[in-house]
Amino acid sequence: MNKPIPPIVPMSSPDLTDAERQAVLAVLNTPSLSIGPQVQAFEAAFQAYTGSRHAIAVNSGTAGLHLCVRAFGLGENDLVITTPFSFVASSNSLLFERAIPVFVDIDPLTGNLDVQQVAQAAADLKAGGAAAKRWLPPKGAEKAGELKGILAVDVFGQPADMDALNAVARQYNLVMIEDSCEALGATYKGRKAGTLGDCGVFAFYPNKQITTGEGAIIVTNDDRAADRMRAYRNQGRAPGDTWLSHTYLGYNYRLDEMSSALGLVQMQRLEELMQKRDQVAAWYGERLSAIPNLETPYLDGNTTCYSWFVYVVRLAAGLNREDFAERLAQYGIPVRPYFAPIHLHPFMVEQFGYHIGDYPVTEDLGARGMALPFSGVMTESQVDQVVNAIRMVMADF
Ligand SMILES: *Cc1c(COP(=O)(O)O)cnc(C)c1O
């Protein structure tokens, strides 16, 4: 058996220029490293881009989702419908407030929430009794309170079917949180991802469409929630509070000035960054479509712009992904399983008693999905290196 060699193509890379470097350095030449003009300018750029009344910068997507949950009043034992096919932060943000995530399985093509099942779950959860019970976690269901919200995720840069989900939210008076941490720049029927619910969150870890190192922005049109979010991110200081007075229980979720300056330049380059990612995805698509036993990403009809976050292919059922990944590593090509189903993480199994088989579509896609090296700075020849390795491994697999 051959050994893995050091990666010849990185899994992901940020796309940075001298403009970003100079912007960060300029901040370092001022005394203002936090709570200053850069964060305001960064927020203003998002207000302008999304057309939202409020844009609130925070220091991670996880923090942003937590503030959405808290500011919209989702709390102990409240039920919130969400997806088990996501990054763990989306449902963790509910657990921080002791709300109960009610997982609903996904559409096998898009990987986003299955809207028919969401509608059924909402109806059954509102009806209560035995109908409700089949949607609740195996363990702790007796604690279940009322259905209060939906937390939808725009998976891999493709918006969830938000019109259908919003219809359910309106029917049952539910809060709608849109986790657009993977979908900055995407559009749904011409409307921007992140603006389609009561609030949305974009995140800026280095592999996202734009980066601030760590960081995120919440957008919302709700004045009261926005006031709460601004207070909660800043140790619970309400407008008028002095540095040592704290109206609310709060956190330090502030984004610093260096990160904001970096983000502002990245935001000015958003179209270019997205266009480069789109080109890399197109190179992959052209080459991979000819390879058997491998599915390329599905573009939904409602997606008017897919904003590529990761490039995830699916191996045919029956092929062993771990063996496949090991063989690719021997050619120096790194890949990652994407996503690991949330309900099967050890802490989730312990708290809620989930089993393998509870969300079959999520588990199937989770078992077959493989993120390929991807970023806007990838060259066509790097794409060729990845694809050639895949071809060789597939040929004798
Ligand atoms: C990246 C991401 C987040 C936020 O992650 P942070 O690392 O906290 O910024 C949240 N949800 C999803 C689906 C993500 O991909």
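The table that follows gives values for the structure above.
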{"item": "Total residues in the stretch 62-83, condition in a loop (DSSP other than H, G, I, E, B) and within 12 Å of the ligand (Cβ to nearest atom)", "result": "1"}
{"item": "Residue tally, condition more than 15 Å from ASP364 (Cα to Cα) and either touching a residue at least 24 places away in the same chain (Cβ under 8 Å) or assigned to a loop (DSSP other than H, G, I, E, B) (or both), over the stretch 96-122", "result": "13"}
{"item": "Residue count for the stretch 51-60, restricted to those that are within 15 Å of the ligand (Cβ to nearest atom) and touching an Asp or Glu at 6+ places or on another chain (Cβ under 8 Å)", "result": "4"}
{"item": "Boolean, ALA317 is at pLDDT below 95, under 15 Å from ARG368 (Cβ atoms) and of a type in the set (A, V, I, L, M)", "result": "yes"}
{"item": "Among (1) assigned to a helix (DSSP H, G or I); (2) more than 16 Å from the ligand (Cβ to nearest atom); (3) outside the structural domain of VAL175 (by TED's automatic domain parsing); (4) not small (Gly, Ala, Ser), the one test that ARG277 misses", "result": "(2)"}
{"item": "Selection count where residues are assigned to a helix (DSSP H, G or I) and open to solvent by less than 40 Å² (accessible area, probe 1.4 Å), scope the stretch 18-40", "result": "5"}
{"item": "Pair list, Cβ < 7 Å and 6+ apart or interchain, from the stretch 48-61 residues that are outside any loop (DSSP other than H, G, I, E, B) to residues that are of a type in the set (D, E, K, R)", "result": "THR50/LYS192; ALA55/GLU43; ILE56/GLU43; ILE56/ARG230; ILE56/ARG233; ALA57/GLU43; VAL58/ARG233"}
{"item": "In the stretch 197-222, residue farthest from MET11 (Cα to Cα) [restricted to those that are more than 11 Å from the ligand (Cβ to nearest atom) and open to solvent by 20 Å² or more (accessible area, probe 1.4 Å)]", "result": "ASP222"}
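The values are calculated or read from the model by the stated rules, or taken from the named source; none is laboratory data. Given the structure is predicted, the values throughout are model-derived calculations rather than measurements. A quick note on method: Cβ atoms are made from the backbone with ideal geometry, for glycine too, and the neighbour counts reach across all protein chains shown. These accessible areas exclude ligands, DNA and RNA; they are computed on the full protein's heavy atoms, side chains included. Shrake-Rupley method; radii C 1.70, N 1.55, O 1.52, S 1.80 Å.
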